[in-house]
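Asker: Okay, handing you the structure first.
The values are calculated or read from the model by the stated rules, or taken from the named source; none is laboratory data. No experiment lies behind these values; they were computed from the predicted model shown. Here the Cβ positions follow ideal geometry from the backbone for every residue, glycine too, while neighbour counts run over all protein chains shown.
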């Protein structure tokens, strides 16, 4: 007993010293790319259900779709699993010829049967992203008649109206239309669930990589798919969930990860001085905006809506708080989309805003609240807006809240102003037009609740125009219709769009070929390598 | 109690005593847990967060939203929802987590060992260093050592743990390279062993994967020392004040008068008496760490219970929050029981 404390003390010291010397200094293996990323949004890796940022990227690298688009020029659509396709003269029947000799990672051959199964399955399971396919009049009851196998390597799909072909094709490039291995999935079917409970956490695809392991909130491990035609340079890609951005930076600078995905603007500025690190970025199909609730009598005045558009210091936000992570953009269609207009008519102009407020009978300004998610970025932007609003006498009170909380309030139309992000659901302009410029029913118990509805805005004739644009089969005319829609919303809509999101990745110098596309499912590691 | 004394008969009395104790314990456990479930459940239901969005996301069409709402039973009256939950919970079914889609119990069995490993090591370090330091500070009251111990205690109370964690990483990991970085084990080693207990140090050692074991040690040592530091700050401060109290007692003077060596007086007599309240202090500090040290777990990317519950809370994943709260509650009650038993062992008067 008497000697115990001394003994324990020295034992503890020896143990500490021993471990510090044996610490392994592991640079990542040359055939493995390790990424630090916040992946806690992943709740499923079944393509029929995938709808979040991180798992879209995983799906993009592990599954193939019928068709896809060129990340450098999104107007170029090419066949992935499909070799070619034909559209009937009435625009209602799409016939796809499937590539022969393709195999899934499991070794099973990929045929028309798998394609039909995958698309039908997505519609029948009816998870959140299923509406993307449902837009063409497909539902649980009719999908077996509408999507059919017409040959060992031929599939036809019937849509209910003669939509713009670009609309239908772009929708088919989204992850919900990924091709799954029917044989493997059905081996794991239970109680007629079409393998849903299994595929949620397992993999059955034909992409460049296969998913070897997913531990929620911890790690996703991708492994080279030996059956993929173009062998990937990397044997493995590991995504580690690192919530804290400062920790991501440390791991990157130390070389324990090759890519850090969530650094904040100051951290990006700091690591870009490190000669071993380079910065890569790509504009994404996401815009930041303020939603002005039209139930608020002040915000419902057209002059006030316009005045607020003159009370945001767009360039200051893009150059400071959101440096590297956003660029000024004011139309609801992000740059890179069919018909997007990239001119930004508004800038901070307090005198003009005051004049407009006076016209609205609010010479001395007014008080209004804004529901603000408590993230450093959103809070920073909100405070900047608060100070410019104040210059014209508009007193903006910020109500901080957690993201799900502010969203719940927004969805119930109980906000004054909501500061939010909107990412397109699919690569077609209809995705954004449908939510920013159309509202079929503005009553409280409407069935569809687009952003226009959430802000209690009736866009009048714009709704019909949005519906017409999706039917316009002439691409040029179609683009023009979207330009007009954007101009109308820019001029009078209850949305102050101020920024387009840029995604930034900080990479070790030896990383090459990690491609970031316009959407998350086009962030590709298929040809990435380490020199 | 009185009746058992009246009945006499040593064996019976002891048996009866333990039976009463056990039933008392079970009653306490049941009431505590029931209270916990009720409070957490109703708070979870009144917060202005829509749990359906957590599952279907913001973009789901109206019919998908409505279907999930009904699946969750959210259209039923609150009391009925609670009753359904309770019935399932009794059978060990806490529902599925929205975030991970696993049964909540599976998730907790994954997350808890990570926290347990870290907290146990942290408490060990804190106790082994904290007690002797506290004793010495009390004995050499006012000396440089005493000042030092008080300074450490103060610093441990006032420095934010995430800041210290990041600084620790910066120094020992980034600059000096003495320890490995955030995470439990390097990816290179993570597939060399099969998780059995989910306590990496034990799993790797049992399977003889010594490279993996040492890698895990180099990962855990920094966060464990950090937690150890905070528990040491607390334990040494309390030890000091308990010892000061004991050293002023008459029996200490008596022992000294009898000519016992100073060493014996301090370490054998005074410390043994101070040990009784110290057990509670250590158990409390251990329970604190077992709750999951959220900030430490975040900075060190440690997939433990604290991170799990916080993350679930932020995502309105109420099943996971409820399950996690229950586990913490159980741990607290159990630790209380253990410290109660240790009390009896150390202090004959409480028997």
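Asker: Checking residue A:279 against (1) in contact with a helix residue (DSSP H, G or I) (Cβ under 8 Å, 6 or more places away or on another chain); (2) within 30 Å of residue A:481 (Cα to Cα); (3) modelled with pLDDT of 95 or more; (4) not in a loop (DSSP other than H, G, I, E, B), which single condition isn't satisfied?
Answerer: Failed condition: (2).
For (1) crowded, with 24+ Cβ neighbours inside 10 Å; (2) within 14 Å of chain B (Cβ to nearest Cβ); (3) at pLDDT below 95, each residue gets a yes or a no:
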position: A:183; (1), (2), (3): no, no, no
position: A:201; (1), (2), (3): no, yes, yes
position: A:209; (1), (2), (3): yes, no, no
position: A:215; (1), (2), (3): no, yes, yes
position: A:219; (1), (2), (3): no, yes, yes
position: A:230; (1), (2), (3): no, no, yes
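Asker: Another question, then. Could you check residue A:115 against (1) in the same structural domain as residue A:144 (by TED's automatic domain parsing); (2) in a loop (DSSP other than H, G, I, E, B); (3) farther than 15 Å from residue A:170 by Cβ and say which number it fails?
Answerer: Evaluating residue A:115 over (1) in the same structural domain as residue A:144 (by TED's automatic domain parsing); (2) in a loop (DSSP other than H, G, I, E, B); (3) farther than 15 Å from residue A:170 by Cβ leaves (2) as the failure.
Asker: Just to be sure before I move on: is residue B:165 within 25 Å of the chain's Cα centre (by Cα), more than 8 Å from chain A (Cβ to nearest Cβ), in a helix (DSSP H, G or I) and over 22 Å from residue B:115 (Cβ atoms) in the structure I sent? Before you say what the answer is, go through the steps one by one.
Answerer: Working: within 25 Å of the chain's Cα centre (by Cα): yes; more than 8 Å from chain A (Cβ to nearest Cβ): yes; in a helix (DSSP H, G or I): yes; over 22 Å from residue B:115 (Cβ atoms): no.
For residue B:165, the condition - within 25 Å of the chain's Cα centre (by Cα), more than 8 Å from chain A (Cβ to nearest Cβ), in a helix (DSSP H, G or I) and over 22 Å from residue B:115 (Cβ atoms) - is not met.
Asker: Evaluate region B:102-115: report whether one residue or more is over 23 Å from residue A:39 (Cα atoms) and under 22 Å from the mean Cα position of the chain (by Cα).
Answerer: Looking through region B:102-115, none of the residues is over 23 Å from residue A:39 (Cα atoms) and under 22 Å from the mean Cα position of the chain (by Cα).
To keep it simple, each residue is scored yes or no on (1) on the phi < 0 side of the Ramachandran plot; (2) in a loop (DSSP other than H, G, I, E, B); (3) touching a strand residue (DSSP E or B) at 6+ places or on another chain (Cβ under 7 Å).
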{"position": "A:29", "(1), (2), (3)": "yes, yes, no"}
{"position": "A:34", "(1), (2), (3)": "yes, no, yes"}
{"position": "A:40", "(1), (2), (3)": "yes, yes, yes"}
{"position": "A:45", "(1), (2), (3)": "yes, yes, yes"}
{"position": "A:48", "(1), (2), (3)": "yes, yes, no"}
{"position": "A:57", "(1), (2), (3)": "yes, no, no"}
{"position": "A:61", "(1), (2), (3)": "yes, no, yes"}
{"position": "A:68", "(1), (2), (3)": "yes, no, yes"}
{"position": "A:71", "(1), (2), (3)": "yes, yes, yes"}
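Asker: In region A:256-274, is there at least one residue being under 30 Å from residue A:215 (Cβ atoms), in a helix (DSSP H, G or I) and under 25 Å from the mean Cα position of the chain (by Cα)?
Answerer: yes
Asker: Identify all residues within region A:406-420 that are outside any helix (DSSP H, G or I) and either over 18 Å from residue A:447 (Cα atoms) or within 12 Å of chain B (Cβ to nearest Cβ) (or both); write none if there are none. Talk me through it step by step, then tell me what you get.
Answerer: Initially, region A:406-420 is screened for residues outside any helix (DSSP H, G or I), giving A:412-420.
Residues satisfying the conditions are A:412, A:414, A:415, A:416, A:417, A:418, A:419, A:420.
Asker: Considering only residues that are within 10 Å of another protein chain (Cβ to nearest Cβ), in contact (Cβ under 8 Å) with a residue 60 or more places away in the chain and in a loop (DSSP other than H, G, I, E, B), which ones fall in region B:168-223?
Answerer: Answer for region B:168-223, where residues must be within 10 Å of another protein chain (Cβ to nearest Cβ), in contact (Cβ under 8 Å) with a residue 60 or more places away in the chain and in a loop (DSSP other than H, G, I, E, B): B:182, B:183, B:184.
Asker: Could I ask something else about it? Please specify each residue of region A:421-447 satisfying the condition of being assigned to a strand (DSSP E or B) and surrounded by fewer than 22 Cβ atoms within 10 Å (Cβ to Cβ). Quick ask: steps written out before the conclusion?
Answerer: To start, the set of residues in region A:421-447 that are assigned to a strand (DSSP E or B) comprises A:421-423.
A:421, A:423 - these are the residues of region A:421-447 that are assigned to a strand (DSSP E or B) and surrounded by fewer than 22 Cβ atoms within 10 Å (Cβ to Cβ).
Asker: Counting only residues that are more than 20 Å from residue A:106 (Cβ to Cβ) and within 14 Å of chain B (Cβ to nearest Cβ), which one in region A:50-87 is nearest to the chain's Cα centre (by Cα)?
Answerer: Here the residue is A:53.
Asker: Right, here's the next one. Among the helices (runs of 4 or more DSSP H) contained in region B:16-118, which hold 2 or more residues that are closer than 27 Å to residue A:52 by Cβ and out of contact with any strand residue (DSSP E or B) (no Cβ under 9 Å at 6 or more places or on another chain)?
Answerer: B:51-56, B:62-71
Asker: Can we say residue A:251 is touching a residue at least 12 places away in the same chain (Cβ under 8 Å), farther than 25 Å from residue B:99 by Cα, within 14 Å of chain B (Cβ to nearest Cβ) and surrounded by 22 or more Cβ atoms within 10 Å (Cβ to Cβ)?
Answerer: Yes.
Asker: Can you find a residue in region B:198-221 that is surrounded by 19 or more Cβ atoms within 10 Å (Cβ to Cβ) and farther than 30 Å from residue A:223 by Cβ?
Answerer: For region B:198-221, residues surrounded by 19 or more Cβ atoms within 10 Å (Cβ to Cβ) and farther than 30 Å from residue A:223 by Cβ: present.
Asker: Report, by residue number, each residue of region A:98-112 that is at pLDDT below 95 and part of a helix (DSSP H, G or I).
Answerer: If the condition is that a residue be at pLDDT below 95 and part of a helix (DSSP H, G or I), then no residue fits.
Asker: Please enumerate the residues belonging to region A:443-470 that are within 25 Å of the chain's Cα centre (by Cα) and farther than 22 Å from residue A:292 by Cα.
Answerer: Listed by number, the residues that qualify are A:467, A:469, A:470.
Asker: Report yes if residue A:334 is touching a residue at least 12 places away in the same chain (Cβ under 8 Å) and loosely packed, with under 15 Cβ neighbours inside 10 Å, otherwise no. Before you say what the answer is, go through the steps one by one.
Answerer: On the way: touching a residue at least 12 places away in the same chain (Cβ under 8 Å): yes; loosely packed, with under 15 Cβ neighbours inside 10 Å: no.
Answer is no for this residue.
Condition check ((1) in contact (Cβ under 8 Å) with a residue 40 or more places away in the chain; (2) surrounded by 18 or more Cβ atoms within 10 Å (Cβ to Cβ); (3) not in a loop (DSSP other than H, G, I, E, B)) across all residues:
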| position | (1), (2), (3) |
| --- | --- |
| A:345 | yes, no, no |
| A:353 | yes, yes, yes |
| A:377 | yes, no, yes |
| A:380 | yes, no, yes |
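Asker: Can you tell me how many residues in region A:120-167 are assigned to a helix (DSSP H, G or I), under 19 Å from residue A:428 (Cα atoms) and away from chain B (no Cβ under 14 Å)? Step through it out loud before you land on a result.
Answerer: Going residue by residue through region A:120-167, those that are assigned to a helix (DSSP H, G or I) are A:120-125, A:128-134, A:143-146, A:165-167.
Applying the additional criterion that residues be under 19 Å from residue A:428 (Cα atoms) yields A:128-134, A:165-167.
Those left that are additionally away from chain B (no Cβ under 14 Å): A:165-167.
Within region A:120-167, residues that are assigned to a helix (DSSP H, G or I), under 19 Å from residue A:428 (Cα atoms) and away from chain B (no Cβ under 14 Å) number 3.
Asker: Follow-up question, since we're still on this one. So residue B:93 ticks every box in (1) within 14 Å of chain A (Cβ to nearest Cβ); (2) without any contact (Cβ under 8 Å) to a residue 24 or more places away in the chain; (3) under 30 Å from the mean Cα position of the chain (by Cα) but one. Which box is left unticked?
Answerer: Result: residue B:93 passes all but (1).
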